Amino acid sequence: MRRYVPILSLGTLAAACLASVCAAQTTITGSNLTARSTGSGAGTWTLDRNGYVGTYITVPAAGDVTIRVNASGTASGGINPHMNIVLADTKAGFDVTAGVSAYENTFNLPAGTYFLRTEFNNDLDLSSRALAVQDITVTGATVSNSSTTANALAAADTYIGNFRKGAVKVGLSGLAPGTSVGVALKRHAFNFGTAVPGFSSTDVNNYLGSNGTAKQTNYQSRLLQNFNAVVPENMGKWAYNEAGRDSVTMAGIDQILNYAGSHNMRARMHNVIWGDNGSNGQQPSWYSIPIPLPDCWIRLTSATRLLRATCVARSANASTITLAPERQAIELTSTWS
């Protein structure tokens, strides 16, 4: 009796190989993940405050990628740590309970390289709440667990190609069909900025002024050549905008914003509240009431441009906010002008 053994064609072999890659699983312990923003541990990695752990993955062909995170949580104030598994513009959120459990989500992704981020995001008040990541398992993609320039650029290119750009239609009236026209990019949406030094308007003028000094010429030449956005390095901080109580000085900020506006640049404000005066803080010396920094939501209002507002304290129920009398702080929005 003859036995016939089926022989796969090269195309079938390739398809089978691709399928085996897509079905492959890789598990990495928390402490071995290439990106760890904060925390500590050996094997299991514990985030004791808002932060993330992550790695790079490559999807060989468009399709499903499943991420499973074995994690445990430590609650505070009756609230469990909240964990997001994030890939590109998609995230899956979980409230993580005590005891190690598997938290899993399947993402449908275009081919390419991605940064996989597992984040802990509800410990603004630096409580005892914590998220412990035992390990992460990736199915449907290969893992490149190293923080290299090549991985970062590949992930950026994938994100830009699939999530940041798309088809644009431009309508022009009064032109006959087939007329050739030229289109030039006037401004793009990617903010790439740098900090402008200075603790006073005089300091800022040393960099952004028009006196023609060597420092001004060199600084502005490189600024305009390499960046499209600016941020005040110190001028946005409370200590330098209201050194004397009720005497608000915005000249340095005005100079930075005016320079940005005249050069078609974006501008974003710095943190108004910076640290604790007992340790690297930059609040006015006249402010003697301890500032409960974790309990303050900070916003700088462009309408009034006031540098003081009422601080709020959050209760254990995050949806409840109560005013804290006599507490003064600033609120800051991170929007670009």
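Nothing in this text is a laboratory measurement; each read-out follows from the coordinates by a stated rule. Treat the numbers as computed from the prediction; the structure is a model and nothing was measured. Quick reminder, even Gly has a Cβ in these numbers, built from the backbone with ideal geometry, and neighbours come from all protein chains shown.
General observations
- Filter result for residue 201 (closer than 13 Å to residue 259 by Cβ and hydroxyl-bearing (Ser, Thr, Tyr)): yes
- Identity of the residue in the stretch 237-258, in contact (Cβ under 8 Å) with a residue 60 or more places away in the chain and in contact with a Gly (Cβ under 9 Å, 6 or more places away or on another chain), that ends up nearest to residue 198 (Cα to Cα): 256
- Test result for residue 170, touching a residue at least 24 places away in the same chain (Cβ under 8 Å) and either over 18 Å from residue 90 (Cβ atoms) or over 18 Å from the mean Cα position of the chain (by Cα) (or both): no
- The requirement of being touching a Cys at 6+ places or on another chain (Cβ under 9 Å) and on the phi > 0 side of the Ramachandran plot is satisfied by residue 63.
- One residue from 113, 66, 137, 90 being more than 19 Å from residue 30 (Cβ to Cβ), surrounded by fewer than 18 Cβ atoms within 10 Å (Cβ to Cβ) and of a type in the set (S, T, N, Q): 90
- Residue ID - farthest from the chain's Cα centre (by Cα), chosen from residues in the stretch 237-264 that are within 17 Å of residue 281 (Cβ to Cβ) and surrounded by 14 or more Cβ atoms within 10 Å (Cβ to Cβ): 243
- Of all residues in the stretch 113-128, those satisfying the criterion of being closer than 20 Å to residue 33 by Cα and either of a type in the set (Phe, Trp, Tyr) or free of Cβ contacts under 8 Å to residues at least 60 places away in the same chain (or both) are 113, 114, 115, 120.
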